[in-house]
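The values are calculated or read from the model by the stated rules, or taken from the named source; none is laboratory data. As the structure is a computational prediction, the values presented were derived from the model and not from experiment. We place every Cβ from the backbone using ideal geometry, glycine too, and count neighbours over all the protein chains shown. Areas reflect the complete protein model, heavy atoms only, side chains present, ligands, DNA and RNA absent. Shrake-Rupley method; radii C 1.70, N 1.55, O 1.52, S 1.80 Å.
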Amino acid sequence: TLFAYNNDGVSINLYCHTPTNYIFTFSLLHICFYLNKISYFLFFLVFFYFFFVYVLFEYNAGGSGFKSLKNYRSGYFGTYMKLQPGYTAGIITSFYLSNNQDYPGNHDEIDIEFLGTTPNKPYILQTNVYIRGSGDGNIIGREMKFHLWFDPTKDFHNYAILWDPNEIIFFVDDIPIRRYLKKNDATFPERPMYVYGSIWDASSWATEEGRIKADYRYQPFVGKYSNNFKLEGCEANESPSCRRAPSSSPGWWAESSADRGYVVGAEEL
């Protein structure tokens, strides 16, 4: 089950990974349900009294998520997220860019993924750059993993991706934790991508290389996203000269790479 709403001109389209669902449409919103009538009531209760996006699934449905209506070829993309505590092994909660819809099997991705865990063990944040169906293992590494300096289940924190024509920077609470430079066209994503958020079962690899699986006795699994989405960048159909400076990035866009200092607050694994 999931829901979202339009905020500050950001249009969010919602989708489900399973073909078995009910879809209701409210203005620009498409809402997917898997659950029973009690869950419908709880959904509407939350929808009218809170201002968050809840992405939830259960009954081994596969996952749920949301997707931007527009695709972008550069920009600053961020959201506030709060993770579920307790047993979440095998479950991925993510915020990412992808063009898999347009290039299935040969797509690009820029990912922020939280790998599910077991009680009393910290979440791992995994960043990923995926180009034309393959990770860039020879230059920087397709995946980099971090332990954060806070508990992401206690409160909402900001997670963001800055993607410009020359580099990608991953941010946590406006602190850059990873920089991925463009070294050639073959190892840098250049095709337009949509913005996604999702929660799904990745038991085959998510927790301790797949050793610990999702346990549906702990369902439902919920990813919480605040309404303060920032999708600011050049849309796919805009002029090639577009280089829009996002208002929400902390001054990184306008500075040259050589002048930027990088502060890493996370512990790389």
| remark: Restricted to region 182-207 and to residues being open to solvent by 60 Å² or more (accessible area, probe 1.4 Å) and in contact (Cβ under 8 Å) with a residue 60 or more places away in the chain, the residue nearest to Thr118 (Cα to Cα) is Trp200
| Within region 63-116, strands (runs of 3 or more DSSP E) holding 2 or more residues that are open to solvent by 40 Å² or more (accessible area, probe 1.4 Å) and not acidic (Asp, Glu) | 72-82
